[in-house]
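The values are calculated or read from the model by the stated rules, or taken from the named source; none is laboratory data. Quick caveat, the model's predicted, so the values are computed rather than measured. A quick note on method: Cβ atoms are made from the backbone with ideal geometry, for glycine too, and the neighbour counts reach across all protein chains shown. Note: areas computed on protein heavy atoms with side chains; ligands, DNA, RNA excluded. Shrake-Rupley method; radii C 1.70, N 1.55, O 1.52, S 1.80 Å.
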Amino acid sequence: MTTRRLVLTRSAAIVGAASTGLLLPEIVRAQSSKVRVGLMLPYTGTFAQLGVAIENGVRMAINEKGGKLGGREIEWFKVDDESEPSKGVENASKLVQRDKVDVLIGTVHSGVQMGLHKVARDSGVLTLIPNAGVHAATRAQCAPNVFRTSFTNSQPTLALGKVMVDKGHKKAVWITWKYAAGDEAFEGFKESYTKAGGTIIKELGLPFPNVEFQALLTEIAALKPDAVACFFAGAGAPKFIRDYAAAGLKGKIPLYGSGFLTEGVLEAAGPAADGIITTMHYSDSLDTPRNRQFRLAYAKTFRMQPDVYAVQGYDTGQLLVAGATAVKGDLNNKPALYKAMERAVIDSPRGKWTMSKSHNPIQDMYLRVVENKENKVVGVAMKALADSGAGCKMA
Ligand code: PHB
């Protein structure tokens, strides 16, 4: 607080001092204050592991570049959003109003994101979304100060439908948590699966973060589809995978999903996950120097294996460094800051990617299969996939 008030007072003084030749020392002082970075992530509940992986990734990318942003040191602020949508606005306001952050990084859950997004749009604070895929954030409600480094909810599943039809699965059941992430993942799946000639015979759902799958699995057994496609993530995913096998469906009705189903959960899921096919913008097994180097460094630093969430956090850090460096730490130079972030080519462990006009990654979608606790890459299901950005009115 003290630092910030000091800076504000001094910048007010600059106006008066401008004509007197006293400007330089004042500006230097303002520029050398710390950048206040807020992390709004889930640190408890179903998505706790995702929040930790994202924070690790952000810090790793920034530390690799000297631990500063455009030459300025960082002061960190953290809020656990608990993946609780009803507290989204309040939690984001804690960082923006109370802590006066210059940069807001968050979050994971699409419902919570909508609260954060309101605060981001109302305040104009620079915001980076390291996971939540809710369409509105980079479609109808896109904003110049909001950048997503992850995906839109329909991106992974837009690559999934054709894969399933090509494998001869003409009738599918879809199952998910009923909230924006699941519903929008379904939109992508429906578009790609029906366009390829498949028929969705039933949509099943349960509220987030419920994991009582039994009745729905019994229904799937009775429906006898050619295959099942789903969206589940975090702690719910290995439970679904194990319950699917325990219900006797594994080996009878092939299980597909957007790749979150098998991210960071393969130890917990065990052999029940073998053979699950998914589409995703990353895979542990990508055999590139960039990915190998990233995985080694992450494992050494954090004593755990990275997953897609760690990669998204890492790219969030990389994008922030790129923007801050371009403006030499002057995050108030918004036109130059945004331009640099829009033009950045992110050299990601997932492969190089760029920003779409609506501020969402244009990226490859890999086809993966689980083998021995690893997501093995089988190929590229879709090259340079951009979200439609429908309704985004940014120039
Ligand atoms: C979301 O709510 O947008 C969400 C959460 C977890 C994921 C993917 C999307 O793995």
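Of the beta bridges DSSP finds with both residues in the chain, what % are antiparallel, to the nearest 5? Of those bridges, close to 35 percent are antiparallel.
Dipole check for the stretch 155-280: with +1 at the C-beta of Lys and Arg, -1 at the C-beta of Asp and Glu, and the Cα centre as origin, the magnitude is about 420 Debye.
The loop-placed GluC sites (Glu not before Pro) in the stretch 55-134, going by DSSP, that have at most 15 neighbouring Cβ atoms within 10 Å of their Cβ come out as E73. Sequence-ordered 3J(HN,Hα) estimates for the stretch 157-165 from the Karplus curve with 6.51, -1.76 and 1.60 and θ = phi - 60° stand at 6, 5, 8, 8, x, 5, 4, 5, 5 Hz, glycine and proline given as x. With K and R counted +1 and D and E -1, the other residues having a Cβ less than 10 Å from that of K171 yield a net charge of +2. With the cut-off at 1.5 for a/c, could you classify the stretch 294-395 from its C-alpha gyration tensor as rounded, prolate or oblate? Since a/c reaches 1.5 but b/c is at least a/b, the shape of the stretch 294-395 is classed as oblate. How big is the Rg/Rh ratio for the stretch 183-242, C-alpha atoms only, Rh by Kirkwood, two decimals? Result: Rg/Rh = 0.96. Mean residue ellipticity, 222 nm, helices only, the chain: the sum of -39500 (n - 2.57) across DSSP H runs of n ≥ 4, divided by residue count and rounded to 500, is -12000 deg cm²/dmol. With Cα atoms as the point set, the stretch 155-280 shows a radius of gyration and Dmax of 12.9, 35 Å.
In terms of overall dimensions, the C-alpha atoms belonging to the chain reach 82, 39, 36 Å along their principal axes, ordered largest to smallest. Here's how it looks for L69: its modeled amide H is under 5 Å from none belonging to a residue 5 or more places away or on a different chain. Database remark: amide H of E82 closer than 5 angstrom to the amide H of Y43, T44 (H placed geometrically; neighbours at sequence offset of 5 or more, or on other chains; Pro and chain starts carry no H). Computed over the stretch 226-287, the range of Cα coordinates on each principal axis works out to 33, 24, 19 Å, biggest value leading. Magnitude of the charge dipole for the stretch 208-336, about its Cα centre and with charges confined to Cβ atoms of Lys, Arg (+1) and Asp, Glu (-1), is about 320 debye. Normalised per residue, the accessible area of the stretch 155-280 is 37 Å², obtained with a 1.4 Å probe and no contribution from ligands, DNA or RNA. About the Cα centre of the chain, how large is the charge dipole given +1 on each Lys and Arg Cβ and -1 on each Asp and Glu Cβ? Please answer in debye to the nearest 20. About 820 debye.
Of all lysines in the structure, those lying under 18 Å Cα to Cα from K373, and not within fewer than 8 positions of it along the same chain, are K239, K250. For the chain, which whole percent of the accessible surface, found with a 1.4 angstrom probe, sits on carbon and sulfur atoms? That share works out to 55 percent.
For K68, a cut-off of 30 angstrom between C-alpha atoms picks up these lysines, skipping any fewer than 8 places away in its own chain: K34, K78, K94, K100, K118, K300, K328, K334, K339, K352, K357. The local environment of K373, defined by Cβ-Cβ distances under 15 Å, has a net charge of -3 under the rule Lys, Arg +1 and Asp, Glu -1. Among the lysines, which have Cα under 17 Å from the Cα of K252 when same-chain residues fewer than 8 positions away are ignored? The qualifying lysines are K167, K170, K171, K224.
By the beta carbon rule, with partners counted only under 4.7 Å, the chain holds these lone Cys residues: C230.
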